[in-house]
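Below is one structure, written out as structure tokens, with a few remarks after it.
The values are calculated or read from the model by the stated rules, or taken from the named source; none is laboratory data. Bear in mind the structure is a predicted one, so any value in this text is a computation, not a measurement. Glycine gets a Cβ as well: all are built from the backbone with ideal geometry, and neighbour counts include every protein chain shown.
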Amino acid sequence: MKKVSMQDIATELGISKMTVSKCFKNSGDISEETKQLILKKADEMGYEYKKRIKYRIAVLFSEVYFEPNEKFYNGLYKRLQELEWENSMKFSLFYVSREDERGNVFNAGVEGHDGVMLLGQFSKKYVLYLQGTGLPVLCLDFQYRGVEADSVVSGSFQASYYLTSHLIDRGHRRIAFVGNLNYTNSVNDRYLGYYKALLEEGINLDSRYRIDDRGQQGILERYELPEEMPTAFVCNNDHAAYLLIRQLRDAGLKVPGDVSVVGFDDVLYSEISDPPITTVHVNRRFMAEQAILLMKRRFQHPEARSRTITIDCSIKFRESVDDIKN
């Protein structure tokens, strides 16, 4: 099989070989858009600029979170790919089945990599198993007490506290939380932030307003709305909020006229929804940058103590929230 060259990439894209060369040298003379176009084509054609690749990272993604319309982790992996060349890294994605995770099965193909990033929450048992292989392991978007592994997480607790407080400031007191507890640590943090906001305002926690939105397989499902409707819903992510708004509309309720809805993650669902959803923005590029820095630190200082970096979030105010109507 013929080895792919820079000229082959240039010919495919209709650009000069010099432009392709500048891309792999991380030159500032070409735009980020052109650079990503070249890198994508190079990846499709199987080209590797070996002078630039210092570390090969296996990125493991659990089947539990694999959905056709999953946006958050797909977006996070895309940010990692955008940063790989300038950091002399090569990322390869591997899907892990539930059976392999439960059975501590090491993916074929992961051997030969220099480190592992876990994209989304895996079981504590599986993380410890991977650490036992001797490879550096980084947890992306989760962490475990008692596990000495580097991790990068979003500030879900504080962000959910502010998001729920925003609803309370708009006059809402019957506020529901949509999300399965213990589905992930992030969902738990978002629920606890919601609970803190209620506690501060002396609002009693109503068990009718804690709603599961996933079945046993972890797939989003339609659920019954409470008989006594809350005036607002805090959803654990934007996809859940998007589906809820459609369900409320089917029930003859207007958002935000009758009910307010907020989400989390600031992915595409929050923008295409009618109305657009007030949500929490998680800076995925910054998460990716910090994950890369932690992984580099681990390569350079293998005996260093593990570190957790928490990424601050911000609220994107859109049109799905209104003042309570008396």
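In the list 41, 71, 3, 35, which residue meets the criterion of being outside the structural domain of residue 116 (by TED's automatic domain parsing) and either within 29 Å of residue 123 (Cα to Cα) or without any contact (Cβ under 8 Å) to a residue 12 or more places away in the chain (or both)?
3
Hand me the list of helices (runs of 4 or more DSSP H) wholly inside the range 207-326 holding 2 or more residues that are touching a residue at least 40 places away in the same chain (Cβ under 8 Å), over 21 Å from residue 151 (Cα atoms) and hydrophobic (A, V, I, L, M, F, W, C).
Of the helices (runs of 4 or more DSSP H) lying wholly inside the range 207-326, those with at least 2 residues that are touching a residue at least 40 places away in the same chain (Cβ under 8 Å), over 21 Å from residue 151 (Cα atoms) and hydrophobic (A, V, I, L, M, F, W, C) span 238-250.
For the range 144-178, which residues satisfy the criterion of being part of a helix (DSSP H, G or I) and either under 20 Å from the mean Cα position of the chain (by Cα) or not assigned by TED's automatic domain parsing to the domain that holds residue 190 (or both)?
Of everything in the range 144-178, those that are part of a helix (DSSP H, G or I) and either under 20 Å from the mean Cα position of the chain (by Cα) or not assigned by TED's automatic domain parsing to the domain that holds residue 190 (or both) turn out to be 156, 157, 158, 159, 160, 161, 162, 163.
Among the residues of the range 285-326, count how many are of a type in the set (Lys, Arg) and within 30 Å of residue 173 (Cβ to Cβ).
Total satisfying the criteria: 3.
Please identify the pairs in which a residue from the range 10-29 that is surrounded by 12 or more Cβ atoms within 10 Å (Cβ to Cβ) has its Cβ atom under 9 Å from the Cβ atom of a residue that is among the acidic types (Asp, Glu), counting only partners at least 6 apart or on another chain.
12/44; 19/29; 22/29; 26/86
Sort through 141, 150 and tell me the only one that's of a type in the set (D, E, K, R), out of contact with any Lys or Arg (no Cβ under 9 Å at 6 or more places or on another chain), buried (at least 22 other Cβ atoms within 10 Å of the Cβ) and touching a residue at least 40 places away in the same chain (Cβ under 8 Å).
Just a single option satisfies the conditions, and that option is 141.
For residues that are in a loop (DSSP other than H, G, I, E, B) and either crowded, with 20+ Cβ neighbours inside 10 Å or among the basic types (Lys, Arg) (or both), tally how many sit in the range 127-138.
1
Just wondering, is there one or more residues in the range 233-251 that are surrounded by fewer than 11 Cβ atoms within 10 Å (Cβ to Cβ), at pLDDT below 95 and closer than 22 Å to residue 166 by Cα?
Within the range 233-251, not a single residue is surrounded by fewer than 11 Cβ atoms within 10 Å (Cβ to Cβ), at pLDDT below 95 and closer than 22 Å to residue 166 by Cα.
Just the residues that are buried (at least 17 other Cβ atoms within 10 Å of the Cβ) and either assigned by TED's automatic domain parsing to the domain that holds residue 269 or touching a residue at least 40 places away in the same chain (Cβ under 8 Å) (or both), please, taken from the range 85-106.
85, 87, 89, 90 - these are the residues of the range 85-106 that are buried (at least 17 other Cβ atoms within 10 Å of the Cβ) and either assigned by TED's automatic domain parsing to the domain that holds residue 269 or touching a residue at least 40 places away in the same chain (Cβ under 8 Å) (or both).
Out of the strands (runs of 3 or more DSSP E) lying entirely within the range 37-120, which hold 2 or more residues that are among the hydroxyl-bearing types (Ser, Thr, Tyr)?
Answer list for the range 37-120: 55-62, 89-96.
Go through (1) under 23 Å from residue 65 (Cα atoms); (2) touching a Ser or Thr at 6+ places or on another chain (Cβ under 9 Å); (3) at pLDDT 95 or above and name the single condition residue 121 misses.
Single failed check for residue 121: (3).
The rows are residues; the columns are (1) outside the structural domain of residue 115 (by TED's automatic domain parsing); (2) within 30 Å of residue 254 (Cβ to Cβ); (3) surrounded by fewer than 14 Cβ atoms within 10 Å (Cβ to Cβ).
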site: 289; (1), (2), (3): no, no, no
site: 295; (1), (2), (3): no, no, no
site: 298; (1), (2), (3): no, no, no
site: 303; (1), (2), (3): no, no, yes
site: 322; (1), (2), (3): yes, yes, no
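Among the residues in the range 185-196, are any buried (at least 16 other Cβ atoms within 10 Å of the Cβ), outside the structural domain of residue 297 (by TED's automatic domain parsing), in a strand (DSSP E or B) and not polar (S, T, N, Q)?
no
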